[in-house]
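We did not get these values from a lab; they are worked out from the coordinates using the rules stated. Quick caveat: nothing in here was measured; it's all calculated off a predicted structure. Note: ideal-geometry Cβ built from the backbone for every residue, glycine included; neighbour counts use all protein chains shown.
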Amino acid sequence: MAGNYGPQASLDLTHVLYDDSSYFSLALALVTLSPILLMPAYAVLAFQTREYLVIMMWAGQLAGEVLNLALKHTIKQSRPSYSAATGYGFPSSHSQYMGYFASFLILHLYFRHRFSTTGSQILDQAWRATIYVALMSWALAVAYSRFYLRYHSIAQILWGLGIGAFLGISFYTVCELLPRRRPKSIFYAVKTCLVQNPVSTWLQIRDGWDVWADGGREAEWLRWRAEWDRRQIAAASKKAT
């Protein structure tokens, strides 16, 4: 059935152009798609853990996407002339996305999360550094892929990374650092209200890192192990009889 349609656009969330003759280009095409996988990961973690931190990080990421869209349609800066992509290019949404993700998570791991110890301080610090470097490398790889695949200029990418990092640092500071360090501030009151209200109680929202240094991972494992051992002992007793 024919109809009158205005100009149509493509929703190209997973449409990536790359050099089919280059494995390096293919690898960067896959890297540039990796941020898309984070949104369902956020959703799964939020519903599975009901953690305040995960929900706030997810909310900040979504707010950053809205800001990026608003900036693009306000500034209306075109993509580079050599780019085959359509739409506005400033700032790079992929770079902003990863700038936020890496900065927020690194701050959380540095200030709040306690990793399981190997028994060696040198190995523990090396493991921490490896995770920080891996997160930053991932963000930089995504940003570089946007330049290599000719979607953005260097300036658009750097601005995207900068805006994302600024949002990540700001959001983590407001949601976590200030409430913890200033218990008499409005930030603490807002956080307490978000965690302690009838809806949050019904949804079983919790702030695990406010109680346990590792968010409760070890306590949950010990509870599981105790139940596992109890069942193994019970099964062994049945076989003995």
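Which of the residues that make up segment 213-241 are in a loop (DSSP other than H, G, I, E, B), under 30 Å from residue 181 (Cα atoms) and either over 25 Å from the mean Cα position of the chain (by Cα) or in contact (Cβ under 8 Å) with a residue 40 or more places away in the chain (or both)?
If the condition is that a residue be in a loop (DSSP other than H, G, I, E, B), under 30 Å from residue 181 (Cα atoms) and either over 25 Å from the mean Cα position of the chain (by Cα) or in contact (Cβ under 8 Å) with a residue 40 or more places away in the chain (or both), then 213, 214, 215 are the ones that fit.
Every residue, every condition in (1) among the hydroxyl-bearing types (Ser, Thr, Tyr); (2) farther than 20 Å from residue 140 by Cα, yes or no:
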| site | (1), (2) |
| --- | --- |
| 96 | no, no |
| 99 | no, no |
| 102 | no, no |
| 109 | no, no |
| 115 | no, yes |
| 118 | yes, yes |
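Looking at segment 24-53, I want the residues that are exposed (fewer than 14 other Cβ atoms within 10 Å of the Cβ) and have a partner that is among the hydroxyl-bearing types (Ser, Thr, Tyr) with Cβ atoms under 7 Å, at least 6 apart or on another chain. Which pairs are those?
36/14
Can you pull out the residues in segment 77-122 that are among the β-branched types (Val, Ile, Thr) and under 19 Å from the mean Cα position of the chain (by Cα)?
106, the sole residue that qualifies.
Would you mind stating whether residue 113 is in a helix (DSSP H, G or I) and closer than 26 Å to residue 208 by Cβ?
no
I'd like the full set of residues that are hydroxyl-bearing (Ser, Thr, Tyr), assigned to a helix (DSSP H, G or I) and either surrounded by fewer than 18 Cβ atoms within 10 Å (Cβ to Cβ) or in contact with a Pro (Cβ under 6 Å, 6 or more places away or on another chain) (or both), limited to segment 152-205.
170, 173, 188, 192, 200, 201
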